[in-house]
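Notes to accompany the following structure.
Rule-based calculations on the coordinates, nothing more; no lab input. Fair warning: this is a prediction, and the values are worked out from it, not measured in the lab. Don't worry about glycine lacking a Cβ; one is built from the backbone with ideal geometry, like all the others, and counts go over all protein chains shown.
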Amino acid sequence: MTPGSDDILYCGAPELTHALAALLDHYGLELVMHPAGAPLPGSWWGEPEAGIIGHRVHVRPDTPLHSALHEAGHTLCMDPARRASLHTNAGGDDLEECGVCYLQILLADNLPGVGRERLMRDMDAWGYSFRLGSTTAWFREDAGDARAFLLQHGLIDADDRLTGQPRRA
């Protein structure tokens with residue numbers, strides 16, 4: 001799939017915008033919706049990918065939902081010191097990146113009409129690449145390290161339920 005495909009969920013869908021804003025607000029993050037065609041502050045990969053600056057996730061109507069969840073996941077998975085100075089580059093290591101991918105999938109379950117299965121299909125269509133060939137295979141069979149990272153840092157509990165808290169240390 002290419003950016004702009006009708007088969008991917010985008011942040012501009014009205015039913016998603018409000019739910020995404022509420023989800024991020026629960027974590028102390030702010031969703032900033034920019035108009036179509038406007039520059040996206042804090043976008044590491046370039047437009048239409050989401051941007052992050054501080055506690056703000058910047059999107060436009062053509063930003064893929066999975067991108068917004070991924071960048072929010074970066075903000076939640078980093079330690080407080082990095083979060084305090086966050087601007088564009090989330091940094092982190094490979095393990096944290098895996099934790100971010102796992103977290104964005106769990107976050108999707110909190111968005112009406114989305115859920116993990118749909119988000120994983122969108123991630124595959126966009127070009128996410130995992131050793132086992134698909135996001136679903138990775139999530140179900142190869143993401144133990146990502147899950148352990150989230151558990152260790154208090155983002156999920158032992159039953160894979162979101163705690164509603166960002167990483168503390």
Note on region 140-169: residues in contact with a Phe, Trp or Tyr (Cβ under 7 Å, 6 or more places away or on another chain), more than 16 Å from residue 27 (Cα to Cα) and not in a loop (DSSP other than H, G, I, E, B) are 146, 147
In the set 144, 133, 127, which member is at positive phi and free of Cβ contacts under 8 Å to residues at least 60 places away in the same chain?
133
Tally, over region 28-52, of residues that are in contact with a Pro (Cβ under 6 Å, 6 or more places away or on another chain) and under 25 Å from residue 155 (Cα atoms):
1
For region 37-78, which positions are surrounded by fewer than 24 Cβ atoms within 10 Å (Cβ to Cβ), in a loop (DSSP other than H, G, I, E, B) and in contact with a Ser or Thr (Cβ under 9 Å, 6 or more places away or on another chain)?
40, 41, 42, 43, 44, 45, 47, 48, 49, 54, 55, 61
Pairs under 9 Å by beta carbon, first residue in contact (Cβ under 8 Å) with a residue 60 or more places away in the chain and farther than 16 Å from residue 30 by Cβ in region 75-89, partner part of a helix (DSSP H, G or I) and among the charged types (D, E, K, R), six or more apart or different chains?
77/96; 77/97; 78/96
I need the full set of residues from region 84-110 which are buried (at least 20 other Cβ atoms within 10 Å of the Cβ) and either closer than 19 Å to residue 9 by Cβ or in contact with a Leu (Cβ under 9 Å, 6 or more places away or on another chain) (or both), in order please.
99, 100, 101, 102, 103, 104, 105, 106, 107, 108
Out of all the residues in region 11-27, is one or more under 20 Å from residue 150 (Cα atoms), among the aromatic types (Phe, Trp, Tyr) and touching a residue at least 24 places away in the same chain (Cβ under 8 Å)?
yes
Is there any pair with a first residue in region 33-60 that is among the hydroxyl-bearing types (Ser, Thr, Tyr) and a second that is crowded, with 20+ Cβ neighbours inside 10 Å whose Cβ atoms are under 6 Å apart and which are 6 or more apart or on different chains, and what are they?
43/49; 43/51
